[in-house]
Amino acid sequence: MSMETQDRQLLQATIEFTLAQSHADVERFKAAMLDWGHHWQATTATYLPAADLLADSLDSANEQTRALLAMFEQHKHRLRWEQSYRQIDGLVSDAMLAAYAFAELIGYNGPFVSERIRCGIGVWGADIDYPRHRHGAEEIYIPLAGSALFKIGDSEERLCRASDPVLVESQTTHGFRSLDQGLVVLYLWQAGDLREVSHFD
């Protein structure tokens, strides 16, 4: 099976999963997911240790999220794992840098090139504090496994588990703390710079 065919299987599963979500906040991203573009490019796989957390996270997935999570786990060695932050910048803790990573599926750097939407999987280990930050694009986290306490804008801290989407409006300060099972999310960005590095207040 070719690399492109494997990538397209993962893309199709991700699109179908997103379209199946009935939450109103996910609805605003569906049009872009259906019309992401048309160009596939081969990407070079890169590894980060947080990718290995996918296998353990299957135990904290639910019936709605387990199949997609298992597919990302199956393909994890073919993905390009990244981090947005560096130790030298001092923006996030060493603990977070040791136990977080994301892999873009759709976007500027993903195998499916899009200027309209960015979509991929993000992984954080247990007890990781992701400091409050903001960016111009609107974002939604769709937890696939694990749980975290989210703080969005001035709202009260909120516990989120698998299938409990978290919408972040443009330039809204947000952050979270993963709990003892860590956190795996499907993330989607739109309506802004899709590769903007977040600003920390």
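The values are calculated or read from the model by the stated rules, or taken from the named source; none is laboratory data. These numbers come from a predicted model, not from an experiment. Cβ: placed from backbone, ideal geometry, glycine included. Neighbour counts: every protein chain shown. For accessibility, only protein heavy atoms count, side chains too; no ligands or nucleic acids. Shrake-Rupley method; radii C 1.70, N 1.55, O 1.52, S 1.80 Å.
With both partners inside the chain, how many of the DSSP beta bridges are antiparallel, as a percent to the nearest 5? Let's see the in-between values first.
Details: 43 of 46 bridges.
In the chain, DSSP labels about 95 percent of beta bridges as antiparallel.
Using 0.36 nm per residue, how much length does the chain from residue 109 to residue 87 gain when fully extended, once their Cα-Cα distance is taken away?
5.7 nm
With the crude spin-label approximation of a point 7 Å out along Cα→Cβ, what separation in nm comes out for residue 52 versus residue 159?
In this crude label model, residue 52 to residue 159 measures out at 3.0 nm.
Nothing charged except the Cβ atoms of Lys and Arg (+1) and of Asp and Glu (-1): what's the magnitude of the dipole of the chain about its Cα centre? Round to the nearest 20 debye.
Taking the Cα centre of the chain as origin, the dipole is about 360 debye.
Using semi-axes √(5λ) of the Cα gyration tensor in Å as the read-out, say which of (1) 37, 17, 14; (2) 23, 19, 18; (3) 30, 19, 17 was calculated from these coordinates.
(2)
Leaving ligands, DNA and RNA out of it, work out the accessible area of residue 1 with a 1.4 Å probe and give it in Å² to the nearest 10.
My reading of the accessible area for residue 1 is about 150 Å².
Please go through the range 44-123 and write out the chymotrypsin sites (Phe, Trp or Tyr not before Pro) that DSSP classes as loop and that have at most 12 other C-beta atoms within 10 Å.
Counting only loop positions with at most 12 other Cβ atoms within 10 Å, the chymotrypsin sites (Phe, Trp or Tyr not before Pro) in the range 44-123 are 108.
Between the DSSP loop rule and a limit of at most 15 other Cβ atoms within 10 Å, which trypsin sites (Lys or Arg not before Pro) in the range 14-100 are left? Don't skip to the end; give the middle numbers.
Numbers: sites: 28, 30, 66, 76, 78, 80, 86; in loops: 86.
Passing sites in the range 14-100 are 86.
Give a residue-ordered list of calculated ³J(HN,Hα) values for the range 177-193 (Karplus: 6.51 cos²θ - 1.76 cosθ + 1.60, θ = phi - 60°; whole Hz; x for Gly, Pro).
With the stated coefficients, the range 177-193 comes to 10, 6, 9, 6, 9, x, 8, 10, 10, 8, 10, 9, 10, 7, 6, x, 5 Hz.
Among 159, 189, 176, pick out the residue whose Cα is farthest towards the positive end of the charge dipole of the range 155-195, where Lys and Arg carry +1 and Asp and Glu carry -1 on C-beta, about the Cα centre.
Result: 189, furthest along the dipole toward the positive end.
Tell me, in nm to one decimal, what length is gained between residue 45 and residue 67 on full extension, where the rule is 0.36 nm per residue of separation less the Cα-Cα distance?
Taking residue 45 through residue 67 to full extension adds about 5.7 nm, to one decimal.
To the nearest 500 deg cm²/dmol, what mean residue ellipticity at 222 nm is calculated for the chain from DSSP H runs of n ≥ 4 alone, each contributing -39,500 (n - 2.57), summed and divided by the residues? Don't skip to the answer; put the middle values down first.
Numbers: 5 runs with 49 residues, N = 201.
Calculated at 222 nm, the ellipticity per residue is -7000 deg cm²/dmol.
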